[in-house]
Structure formats: C-alpha cells, structure tokens
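Reviewing the structure listed below.
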Amino acid sequence: MLKKVLAVCLSGYSALAMAGFDVVALGVNGGISDGNLTSYLIRSDGQTQYVALDAGSLLPGIAKGLEKGSFPQVTPQLAAPYTPQGYVFRQLIGGYFISHAHLDHLAGLVLAAPEDNKKTLYASSDTVLTLRNHYFNWKVWPNFTDSGNGARLGTYRLQPVREQQRFTFGTTGLSGVLYPLSHDRYPSSMVLLSDRSGAFAYFGDTGPDAVEQSRHLDTVWRALGPLIQQKKLKGMIIETSYPNGVADNQLYGHLTPDWLLKELHNLQKYSGGDGSLQDLPVVISHVKPSIRQGDDVRTTIKRQLDQGNDLGVKFIMMEQGDRQTF
C-alpha cells in the first residue's frame, strides 16, 4: 500500500497540482467567425473578479458561458439593474491583458467599450501605442481611453508594462510578468499570471523560434521550467492555428501541432527532462476555422497533437462558454 501511495505522489505533473485558477473561454477561434474570437477569463480561487486575456469576443462569449452554467454565481437578482451578461461584463471583469493589437484579439473590447465601466488595459508599449493611434482615435472608434487624440472619454486606462517586470492586475489578486513573442516578426506577448498558490501562462499569437528566427519562446521555456519542477505552473493556453502540412512560409507567425510539440520538447529540457511535463494541462487556442466542406480543423489538430504526444501533456480543446479549473 505504501508503495502505491509513493508512486502516486512521485508520478505525473498533477500529483501536487491543486486547482488554483478558474478559466472561462469567451472565444476560441483565430479569425473568420466574428462572434467567437480569442478571449479567456481567468481568476484566482477565492477571488471575485476575472482578468480578460485578450478580448476578440466578449459579450457573445459571456452569453454562451451563462447558457452553459459557467457563471453559477450570477443570478438575475444579483445582476440587477443589469442583465446577467451585462453584470459579468461590467462588474466581474476587473481588467484586460491584450497580447497584441491584431483585430481578432480586441474587436470585442472596442465594440463593447461604450457600455463598459472604468478599467485598466495592460499591454506592451507597442500594443498600447497601436490602440491609441489606430483604434481609439475618433476615426475608427471614439477615444474611450485616457490618452491619445481628441476628447478622452477615460473608460480605459492604457497601462504599458515592461518586459519581465512584475505588475499587478488591480484588485483581482493576480500579478503578471510579460514576455515578448514573435508573430511573423510582429510583436506579440505572453503573460505569466501568478497568485499565492501558483502560476498560469497565457500566450498571444506566436510562431516557432526556428521559423521566426527568434529566441523568445526559448526565453519563456527557461522561465517556465523551474515553475514546472516546483509544481507551481497550473497550465497554459497556447495557440495552434493550423494543422500539420502548412508550409513554414505560410504560417504567418503561428504554430502547427508538429511545431508546438517541438517547442514543448524544448520546454521539457528546462523542466527536469523526460516525464517532467506529464499531465501538464495545455489548452489549445486560436484555431483558424476552414470554410471548405468536410474540414473539421479543431478535430484534426487535436488528433495530430495526441498522435505526436510523447510528452504526456494533457491537451485540452475548450469550446466557447466552457469553464475549467486548473
């Protein structure tokens, strides 16, 4: 009996991993479908407010989450005078992290801004500059921020964050560290969120280091490796936009199952070697839907990941509105 208990305690990533984060998928696709674009809510256990990780789709995803029971704490009585959807949007999102300024990662934020209340938007300085100059500029959309051209309506405080320096997400109980990524040579970013119990990694769009001629992912893996060894990394959300077979010169800063698996093998080197990633939850995001008959890209990508998975990681495909604890 003692041997069995010892084996359980020593095998697999999940042995010491206690649930520490509550995640709701508001949007899981990487384009085309404008009601289901990349956005996730995350909060620490015991906290009320979420951080929105990108904001491609907000209100449609909240509606789907309510339909699926992913916000059990929200009732019409609690939400009044707002609808449950409006209450989640206005009161339960405590701030936003925008990984980069491509439209499929912030369209929901821009469109819903007129009904939001005052919040801070955290992003790299490059992303903040793009938001200020090219979105909230009274040409594309009114300026709902606290900086930039024309009248400043001040709904959003644009907060640039420095690379690899810790910052706090307001009163959510979460802190973050931003790491740069390369997305077809365009700046993107990953945020490593932390609370008292552990950490969770969220990746914006990224290509593999070998294709991007970058070391950004290698730097990230070096940072995550010790957290995995200490059983503190509860999981990650990372893109796999295309199935295998797409040529490297047509990836445009994205990953395929083969490339993600190669990158995760690099992470394994920094995490303690063979077996160190066993049962690590890896949520696959930003799958690009196909408009060709018979193409089920999500199913194909999941199958290819599972077939090549000699690392023992736990690949997860969340659907819009799904809730999961990590």
With Rg and Dmax of the Cα atoms in Å defined as stated, name the option among (i) 19.4, 71; (ii) 18.8, 56; (iii) 20.3, 62 computed from the structure displayed.
(i)
Among Ser182, Ser290, Ser125, which one moves the most in a GNM of the chain with springs linking Cα atoms closer than 10 Å?
Ser290
So how tilted is helix 297-307 from the main axis of the chain? Cα-based, degrees 0 to 90, rounded to 10.
30
Starting from the 7 Å offset along Cα-to-Cβ, what nm value, one decimal, do you get for the label separation of Gln230 and Asp296?
4.2
Just to be sure I understand the model, the point goes 7 Å from the Cα along the line to the Cβ. What's the resulting Ala151 to Leu111 distance in nm?
2.5
Explain nothing, just the number: dipole magnitude of the chain about its Cα centre with +1 on each Lys and Arg Cβ and -1 on each Asp and Glu Cβ, in debye rounded to the nearest 20.
820
Residue separation times 0.36 nm, minus the C-alpha to C-alpha distance between Ala80 and Arg185: what's the value?
33.2 nm
Positive-pole candidate from Thr299, Ala113, Val313, dipole of the stretch 21-319, charges at beta carbon
Ala113
CD proxy at 222 nm, helix term only [per DSSP H run n ≥ 4: -39500 (n - 2.57); per residue of the chain; nearest 500]:
-6500 deg cm²/dmol
Expressed as a whole percentage, what fraction of the accessible surface of the chain belongs to carbon and sulfur atoms when a 1.4 Å probe is rolled over the protein heavy atoms?
51
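The values are calculated or read from the model by the stated rules, or taken from the named source; none is laboratory data. Since the model is a prediction, treat every value here as computed from it, not as a measurement. Cβ: placed from backbone, ideal geometry, glycine included. Neighbour counts: every protein chain shown. Side chains are part of the model used for accessible areas, which takes the heavy atoms of the whole protein and leaves out ligands, DNA and RNA. Shrake-Rupley method; radii C 1.70, N 1.55, O 1.52, S 1.80 Å.
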